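Take a look at the structure set out below.
Read-outs throughout are calculated quantities, based only on the coordinates presented, and are distinct from any laboratory measurement. No experiment lies behind these values; they were computed from the predicted model shown. Neighbour counts are summed over all protein chains in view; Cβ atoms, including those assigned to glycine, are modelled from backbone coordinates with ideal geometry.
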Amino acid sequence: MHDRYAVIGNPIGHSKSPQIQGLFAKAAGLEIDYTAIEGPLGAFVATVDAFRANGGRGMNVTAPFKLDAFAYATERSERAQLAGAVNALKFEGERVFAENFDGVGLVRDVVHNLARPLAGKRVLLLGAGGAARGALLPFLQQQPASLFIANRSIDKAVKLAAEVKGQGPVTGGGYAALADQAFDIVFNATSASLRGEVPPVPYTAFAPGALAYELVYGKGLTPFLRLARNTGVQHLADGVGMFAEQAAEAFAWWKGVRPDTRDVIRQLTVPLV
Ligand code: NDP
């Protein structure tokens, strides 16, 4: 029997993870058995216990189970601890290792795939939820000139910035504080686009030559990307590369081989029009 892996979420029908992990395994010449599990709500522990009992070696974890996975783990990486959420698990006997690769995947996409270094740049992060939390440490490790976290619930942004203030030049606040500031890279880590909404970011927030990056992927020109384009921003990206890169990080963590993501990104890319 091949090593067993799975993605767990609810709903899970839309998940591209089995396709992606299958492509990674094929490219690496490895055989893995990777399935999608629709975890019943309120039964995360029982579902994962059963998967492990049947030979499960690791899991990708998606909504709404990232906090359950955090609680289930016996050992959590520093970035998983800061994110307070987990998107990948590895099982070794009684030990359950937990990681959060969303932030490193995002940084890898921006710095490597899009060739936009964060070092020395003014970075704006919209949102203070799980994805934003996961991005903080990886962002600060790139040594940006500044990192501003803007959130609708201002207290969450201020608190998040305070948690990592020893790690770099980070501040948090509300959207009103953006009035007189311009940024080289603006990340939309809110979930506004999923409901056809747009965070109230002023057009002046985009510095000349800025990159506007939407974490949501596969939705084409989201309201945030449309706003950026309408203000003259020419460099637009969605989160397809982030998704592929976090998947590659998990694969490498499990199998010890770092897959090439280019084919996967090409297959999943939806034009931003
Ligand atoms: P959370 O639910 O944890 O956080 C949502 C955030 O969005 C909060 O900061 C919330 O603000 C803010 N928000 C929601 N609606 C609005 C609005 N209309 N205007 C302004 N702010 C708003 O979500 P996640 O952090 O887990 O995910 C955020 C996004 O990132 C999702 O769209 C998800 O699809 C995407 N994502 C993409 C990944 C990828 O691989 N490409 C991986 C992970 C996430 P408040 O605190 O005030 O409620």
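Could you check which residue among GLY241, GLY55, GLY39 shows the biggest mean-square fluctuation in a GNM of the chain with a 10 Å Cα cutoff? The residue with the greatest mean-square fluctuation here is GLY55. Which FRET efficiency value, to the nearest 0.05, is calculated for ILE154 and GLU78 with the Förster distance at 22 angstrom and r the Cβ-Cβ distance? Given R0 = 22 Å and the Cβ-Cβ separation, E is 0.25. Specify whether the C-alpha gyration tensor of the range 110-238 places it in the rounded, prolate or oblate class, a ≥ b ≥ c being the square roots of the eigenvalues: rounded for a/c under 1.5, otherwise prolate if a/b is larger than b/c and oblate if not. Rounded is the answer for the range 110-238, as its axis ratio a/c remains below 1.5.
The alpha-carbon of LYS156 sits under 26 angstrom from the alpha-carbons of these lysines, leaving out residues fewer than 8 places away in its chain: LYS66, LYS121, LYS165.
Once whole DSSP H runs in the chain are found, which of them have Cα atoms spread over 15 Å or more along the helix axis and a mean Kyte-Doolittle score of at least 0.0? Walk me through the numbers on the way to the answer.
On the way: long enough: 17-28 (16 Å, 0.23); 130-141 (18 Å, 0.77); 240-255 (22 Å, 0.26).
The answer, listed by residue number, is 17-28, 130-141, 240-255.
Taking a quarter of the surface of the Cα convex hull of the chain, what do you get in nm²?
13.8 nm²
Simple point charges give the picture: +1 on the Cβ of Lys and Arg, -1 on the Cβ of Asp and Glu, and for the range 110-238 a dipole about the Cα centre of about 100 debye. Estimated at 0.36 nm per residue, the fully extended path between LEU30 and ASP3 surpasses their Cα-Cα distance by 8.7 nm.
Centroid-to-centroid, using Cα positions, the range 58-77 and the range 167-227 are 28 Å apart. When the helices of the chain are scored as -39500 (n - 2.57) per DSSP H run of n ≥ 4 and the total is divided over every residue, the value at 222 nm lands at -10000 deg cm²/dmol.
In debye, nearest 20: dipole of the chain around its Cα centre with unit charges on the Cβ of K, R (+) and D, E (-)?
Values: 27 positive and 24 negative charges, 89 e Å.
Computed about the Cα centre, the dipole is about 420 debye.
For the range 35-42, putting each phi into the Karplus relation 6.51 cos²θ - 1.76 cosθ + 1.60 with θ = phi - 60° gives couplings of 10, 9, 10, 7, x, x, 4, x Hz, in residue order, rounded to whole numbers and with x for Gly and Pro. Among THR269, THR190, the ranking by other beta carbons within 10 Å of each residue's beta carbon, starting with the fewest, stands as THR269, THR190. Under the combined filter of DSSP loop state and at most 14 neighbouring Cβ atoms within 10 Å, the range 186-273 retains these GluC sites (Glu not before Pro): GLU197.
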